[in-house]
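First up is the structure itself, then whatever we jot down about it.
Values in this text are rule-based calculations from the coordinates and carry no lab data. Just so you know, these numbers come straight off a predicted model, no measurement behind them. Glycine gets a Cβ as well: all are built from the backbone with ideal geometry, and neighbour counts include every protein chain shown.
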Amino acid sequence: MVSTADTLVLLAAGGVAGVVGTAGGITSLVSYPALLWVGIAAAPANVANIVALVTYLPGSALASRPELRGKGPWLWRWALLTAVCGGAGAVLLLLTPSKSFAVVVPFLVAAGSLVMLAQPLLTSWKESRPRRGERLLLPCGLVPVSVYSGYFGAGSGVMTLALLMLTVERDVVSANALKNVLVGVASAVSAVILVLFTPVDWSAVVPLGIGTLAGSSVGPLVARRVRGDILRWAVGLVGLGLAIRLWIGPA
């Protein structure tokens, strides 16, 4: 059980996480360390984080209706793939020993942060390459990223956004709206599996989820107004700092 003060911390962290994540950043780089801050261990914190961030999907989808208009058939097609892979990630998490999870977390956070920082270079590299086999890039990229999203997820939104901008939509706001739905579906399926098969700290999930719902309703509006490079560098550098902190002394 978390205290009243910790509940307020998680409520605020959820709001910030929702804004950052749905605007193109890394949701878990705010919400996950907040769970560690209030005294929840690494593995239970990850479970609580995945379950709480289910509220990310409805908030962001409603706020991104202009960008999602006419994308229904495309989303149904690829959301099914991300749902299956997100479920696979949850199963992998259930089979991973807690100590092993705590060891690997810093590297997962660092990987997501580096992908975010390198996104423009990846786009330039892709545009300079021959277009042969490009149609396979989206499914081949979505599978591992969605499995990862169901397993831990910090950086999966950035990875998905980069993938969509490389393959589907060059406009960052439109690509971000599609990303929010795909990552949200993968996380939702993962959350259902975790709720059914492992203990969940609901005293942490509820305030974090409420905050995330509120923040995710604002995030797409921010994405339309804030320079993407500023947000990308800020969240990427914060992510690397968090990875170093966890590597020095995992919680």
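Below is a table of values for the structure above.
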| item | result |
| --- | --- |
| Simple label model, 7 Å out from Cα along Cβ direction - L80 to D229, nm | 4.1 |
| Dimensionless Rg over Rh [the stretch 4-248; C-alpha; Kirkwood] | 0.95 |
| Cβ-Cβ FRET estimate between L138 and T198, R0 fixed at 25 Å, reported to 0.05 | 0.20 |
| Linear extension gain, W247 paired with W37, 0.36 nm per residue minus alpha-carbon span | 74.0 nm |
